[in-house]
Amino acid sequence: MGQGKSPYALNQIKANMADSRDPPRHSYDPQSLLNAQPVMVAVIDPASYTVQFQNNTGLQKLGDLSGRKCHEAIAGCPLPCAFCKMPEAMETGLVTVNEVLLANNQYLLVQWSKAMMKDGTAHIIETITDVTEQKRIEEAARKAEKMEALGRLAGGMAHDINNLLTVVMAAGEQVSRRIDDDQSAVIPIQQLRNAMDRAAQITRRLVAFSHHQLVEPVLMDLNSVIRELEPRIRTLAGDGIPLDLNLCDDSIPIVADRQQVDQIFSVLVVNAQEAMPGGGRLTVATTVTQVSNETAKRQNVKPGRYARLVVRDAGRGISPEMQAHLFEPFYHRTGEATGHGLGLASVYGIVQQLGGFIEVSSEQGVGTEFCFSFPRSELPASVRSRAPIVQVSSDHPTILLVEDDEDVRTAVSDMLKVAGYHVQEACDGVDAIQRLQVMPSPPHLVLTDVMMPRMTGPQLATQIQALIPGVQVLYMSGYSDQILEPLEGRRLAFIAKPFTGRDLIRRVREMLVR
């Protein structure tokens, strides 16, 4: 054992303790005290950097280093380590500290203290604490804070842009109706529509990244969804990339939005295809795993049983430097700052919104593995049924439109009026309640924005449905974190901004005529 080969330093420590001017009331064994420490402790000869003693923790963690030079045994360096502060401790007599990153990505907190012996010689007491797990948790927290800040920025930008696009789409439709007979305007109008559609797709991905996307969660079996998507996955991957499905035998129920799950596969398969230009295998596997308290803390999720989805390619791999930025908006896995990066950014937001987490492992020249963990769920009672639909008999239903942005309110109102609806406009929730009190008859539908000053859309809906039981509420938004949970056991209806007049009228009719 390390503590038995070179007892000199230990004996001197014992002698120093015995020589104390104030004899201890109890007899203590220094070796037992050191062995009881949960950190690694070593006594080192500063002249030769030779390890003279280790406590039990040091022996268990590092093995027996007695008689070996500490820089060779611990760090694998032929000369004293650059990070070593032993000389400083010897010179000043103060405790010196340094945090060390070893080649195997292990973090050590090392402390050096000078210990004078009775014969006048000095030794170094080196204390080593493995802080690798603590560093991982801190790094995960920093990354989460960074991604959350980026998400808030992306979501806020998307919210404003979606409002503007809604106005632009409405104006474009009006112009298109007025120049139907002008053939020279057909191509420019179509180009305008195409550009707006592409802009809308980008903002939807930004909203997904911010994990504030409006979703319609349903109970689904992850394995069944993958089997349904198999033909599409094979098509996206291409002929040169065979697909291996390794799905577990049991069903894996999760509560998620089907479109979001489709989006995850679309992004990952396209990225895998780009990473394997010369071909290679694509593997999709599922299993159920138990997330421990330690992992849950590191990933900022709840512990418990999780559905695990693995998507693995045999591509060129991703460098550690690129992995650090992999899920940032406009950052592509090749390292190029392109729009493709919104795909992985949106995937990150989707998984976060579902209460899960992502782990990525990659080796350059070998391939990349994305592991997704989703909470394994049973269907909540509140998600089982939709809100009751009220049959509308009026030929010209009345819609209460609540929107704080004046331009958006005007544009949406015009969309509804063109379709023959009576529209009552309100600038926010308080204004809407006041208008309800003077309306000659209750509205057939309330169309409200989600995020508004003084009162949110869900808060307004609660008050209106208390006054008018059974009235339908349709939410419109491109960004919200307050509408994901059902209200009073009923699922929420929404339309995502930006939308065209055709999309809006179709959604309104679905709610009013059933």
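Go over the candidates LEU354, LEU344 one by one and state the one that is assigned by TED's automatic domain parsing to the domain that holds ARG258, out of contact with any strand residue (DSSP E or B) (no Cβ under 8 Å at 6 or more places or on another chain), modelled with pLDDT of 80 or more and buried (at least 23 other Cβ atoms within 10 Å of the Cβ).
Checking each option against the conditions leaves just LEU344.
Of the residues that make up region 88-108, is at least one over 30 Å from PRO320 (Cβ atoms), part of a strand (DSSP E or B) and not polar (S, T, N, Q)?
Scanning region 88-108, I find no residue that is over 30 Å from PRO320 (Cβ atoms), part of a strand (DSSP E or B) and not polar (S, T, N, Q), so the answer is no.
Those residues that are within 19 Å of TYR107 (Cα to Cα) and either crowded, with 18+ Cβ neighbours inside 10 Å or of a type in the set (A, V, I, L, M) (or both), I need them from region 50-64; list them, please.
Those that are within 19 Å of TYR107 (Cα to Cα) and either crowded, with 18+ Cβ neighbours inside 10 Å or of a type in the set (A, V, I, L, M) (or both): THR57, GLY58, LEU59, LEU62.
Can you name every residue in region 116-137 that is assigned to a strand (DSSP E or B) and exposed (fewer than 15 other Cβ atoms within 10 Å of the Cβ)?
MET116, ALA122
Tell me, which helices (runs of 4 or more DSSP H) wholly within region 213-307 include 2 or more residues that are without any contact (Cβ under 8 Å) to a residue 60 or more places away in the chain and buried (at least 19 other Cβ atoms within 10 Å of the Cβ)?
Of the helices (runs of 4 or more DSSP H) lying wholly inside region 213-307, those with at least 2 residues that are without any contact (Cβ under 8 Å) to a residue 60 or more places away in the chain and buried (at least 19 other Cβ atoms within 10 Å of the Cβ) span 222-237, 258-275.
A quick yes/no check of all residues on (1) modelled with pLDDT under 90; (2) on the phi < 0 side of the Ramachandran plot; (3) not basic (Lys, Arg):
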position: GLY278; (1), (2), (3): yes, yes, yes
position: THR283; (1), (2), (3): no, yes, yes
position: THR286; (1), (2), (3): no, yes, yes
position: ARG298; (1), (2), (3): yes, yes, no
position: VAL311; (1), (2), (3): no, yes, yes
position: GLY315; (1), (2), (3): yes, yes, yes
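Each row is one residue, and each column tells you yes or no for (1) in contact with a strand residue (DSSP E or B) (Cβ under 7 Å, 6 or more places away or on another chain); (2) at pLDDT 90 or above; (3) of a type in the set (A, V, I, L, M).
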position	(1), (2), (3)
SER393	no, no, no
LEU400	yes, yes, yes
ARG409	yes, yes, no
GLN424	yes, yes, no
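The values are calculated or read from the model by the stated rules, or taken from the named source; none is laboratory data. Remember, predicted model here, so these are calculated numbers, not experimental data. We place every Cβ from the backbone using ideal geometry, glycine too, and count neighbours over all the protein chains shown.
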